[in-house]
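The values are calculated or read from the model by the stated rules, or taken from the named source; none is laboratory data. Computed from a prediction, not measured in an experiment: that's the story for all the values here. For neighbour counting, all protein chains shown are included, and Cβ atoms are generated from backbone atoms with ideal geometry for every residue, glycine included. For accessibility, only protein heavy atoms count, side chains too; no ligands or nucleic acids. Shrake-Rupley method; radii C 1.70, N 1.55, O 1.52, S 1.80 Å.
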Amino acid sequence: MIPLLVESESWPAGRTYKEEHHGSTFEVSTFSRQKQAGDGAMWHGRASDHSKESTGGWDSFWQGIGVNHTAHEQEYFVELDQVKKLKVLNTDQEIWTTHYALRAPAGDRIFTVLVTTHVVTHPENGLRTGYVMTVPID
C-alpha cells in the first residue's frame with residue numbers, strides 16, 4: 001500500500017458530517033496533516049461509510065468511485081467541466097487533466113493529477129476498503 005495512505009489513518013480528525021447522494025445518507029469524516037518539510041501544501045482526506053443498501057453493493061460502488069474516478073467527479077463538482085485521461089500507468093494509477101470553471105475572483109484552473117486507487121480486503125470479515133488518492137503533478 002502507498003505509505004501516505006497508511007500514514008493518513010493516524011492524521012488528526014477534522015469534522016464529521018452527514019452527506020446525501022442519490023437518496024442515501026452517509027457519514028463523512030475528514031482528516032488532515034499540516035504541511036511538512038518537502039510538502040508543497042497540507043494534505044487532506046475524507047472517509048465515508050456506505051451500506052450495501054445505499055450503494056448497490058461493492059462492485060457498483062467501486063465502479064462509481066474507484067474506476068474512472070476523475071470522470072465521475074464531474075457528477076459532484078459543477079465547477080469541474082472538462083476531464084481527460086492522459087495516460088494509464090498501471091491498473092491502479094492514471095494521469096488526468098482537469099479543467100475547473102471557477103467564479104470570480106478566482107479564474108479557470110487546469111490541473112494535471114496522478115490518481116492512485118487501492119483496495120484492501122479485510123481477512124477477518126471480508127469487507128473491503130477502497131482508497132483513492134489524487135495528487136497534483138504539475
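Residue check: S10 meets all listed conditions (1) surrounded by 10 or more Cβ atoms within 10 Å (Cβ to Cβ); (2) without any contact (Cβ under 8 Å) to a residue 12 or more places away in the chain but one, namely (1). Taken over the range 80-90, the criterion of being open to solvent by 80 Å² or more (accessible area, probe 1.4 Å) and of a type in the set (V, I, T) is satisfied by V88 alone. For beta carbons closer than 7 Å, sequence separation of 6+ or different chains, a first residue in the range 67-79 that is open to solvent by less than 60 Å² (accessible area, probe 1.4 Å) and a second that is part of a helix (DSSP H, G or I), the qualifying pairs are H72/G64; H72/I65.
For T70, are the conditions met, namely being within 16 Å of the chain's Cα centre (by Cα) and under 18 Å from G45 (Cα atoms)? Criteria met by T70.
In the range 13-59, what count of residues is obtained for those that are small (G, A, S), open to solvent by less than 60 Å² (accessible area, probe 1.4 Å) and at negative phi? Number of matching residues: 10.
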